[in-house]
Amino acid sequence: MNLFQLNLLPGLVHPILLQLRDPQIQKDRLRFKFNLERLGFLLAAELAKTLPVQKIEVQTVLGKTEIAVPVQPPVLITVLRAGLAFYQGFANAFDQADSGFIGAYRVEGECAEQLEIRMNYAALPDLTDRDLILIDPMLATGGSLLKVWQLIASQASPRSVHIAAAIAAPEGVQALQQHLPEHSYLWVGALDQHLNEQAYIVPGLGDAGDLCFGPKL
Ligand SMILES: O=P(O)(O)OC[C@H]1O[C@H](OP(=O)(O)OP(=O)(O)O)[C@H](O)[C@@H]1O
Ligand SMILES: O=c1cc[nH]c(=O)[nH]1
């Protein structure tokens, strides 16, 4: 698996990460979701450079020119709930993409070993020979994305697999490295230090789903 960190545009990316992480600023839900969306758009812009393009001719009212456009839009799949705002950035960038949605959530116990991933919803488009972008802002243990990938892989063979996360922990990166196809790509806004005993990313930003939508019962 190839890992790309979005440090090419620090002037744009770092202020967004700062606002996402700051405990005071992140209390503003509208801003938190908008920042995830903006980061998603920037990651999409980087990722788009690697997708195959073809030249098409456009006739304007004044003349002709050639424009390179994607051969086919990628397929976007996001993990509910926290994925929604981050996904919107990708959907803004790839505005003709087919999209899929999978519900997956962590049920936390006393410690990281008791963590369980439950899945309760999946609506998937056809992925045959398509470029797949799997979108989830937080890559902690990697348990959620691996379960999601298992479900996808049991039904389809995408042409390429891109995983996009706003913040990743080394533990999650390693887990994906072991289980994803060799020619997969991981795009992250930041690669953080480690997981704590409750399997939260340190320094991370806290619980992305709760910050977007409030605590769930
Ligand atoms: O790498 P992992 O250890 O699996 O953790 C990451 C998962 O945790 C968050 O979702 P969460 O389970 O909190 O659900 P939510 O989006 O409904 O809040 C996040 O959006 C990921 O899906
Ligand atoms: O740090 C973490 C880990 C999992 N899910 C989150 O939202 N944050």
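Values computed for the structure shown
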quantity	calculated
Matching residues in the stretch 164-201 - criterion: being without any contact (Cβ under 8 Å) to a residue 40 or more places away in the chain, in contact with an Asp or Glu (Cβ under 9 Å, 6 or more places away or on another chain) and more than 8 Å from ligand 2 (Cβ to nearest atom)	ALA165, ALA168, PRO170, HIS194
Residue ID - farthest from ligand 1 (Cβ to nearest atom), chosen from residues in the stretch 102-136 that are farther than 21 Å from LEU51 by Cα and surrounded by 20 or more Cβ atoms within 10 Å (Cβ to Cβ)	ILE102
Every residue from the stretch 81-138 that is among the basic types (Lys, Arg) and free of Cβ contacts under 8 Å to residues at least 60 places away in the same chain	ARG118, ARG130
Of all residues making up the stretch 95-134, the number that are touching a Pro at 6+ places or on another chain (Cβ under 9 Å) and part of a strand (DSSP E or B)	5
Qualifying residue in the stretch 156-165 (condition: touching a helix residue (DSSP H, G or I) at 6+ places or on another chain (Cβ under 9 Å) and surrounded by fewer than 16 Cβ atoms within 10 Å (Cβ to Cβ))	no
Hits in the stretch 114-151 (condition: away from ligand 2 (no atom under 15 Å from the Cβ) and either on the phi > 0 side of the Ramachandran plot or out of contact with any Phe, Trp or Tyr (no Cβ under 9 Å at 6 or more places or on another chain) (or both))	PRO125, ASP126, LEU127, THR128, ASP129, ARG130, ASP131, LEU132, TRP149, GLN150, LEU151
Set SER157, SER99, SER184: member being small (Gly, Ala, Ser), under 18 Å from the mean Cα position of the chain (by Cα), modelled with pLDDT under 95 and more than 9 Å from ligand 1 (Cβ to nearest atom)	SER184
Helices (runs of 4 or more DSSP H) contained in the stretch 135-217 and holding at least 2 residues among the β-branched types (Val, Ile, Thr)	143-153
Matching residues in the stretch 160-181 - criterion: being more than 13 Å from ligand 1 (Cβ to nearest atom) and touching a Ser or Thr at 6+ places or on another chain (Cβ under 7 Å)	VAL161
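The values are calculated or read from the model by the stated rules, or taken from the named source; none is laboratory data. Please read all numbers here as calculations on a predicted model, not as lab measurements. Note that we place each Cβ from the backbone using ideal geometry, even for glycine, and neighbour counts take in every protein chain shown.
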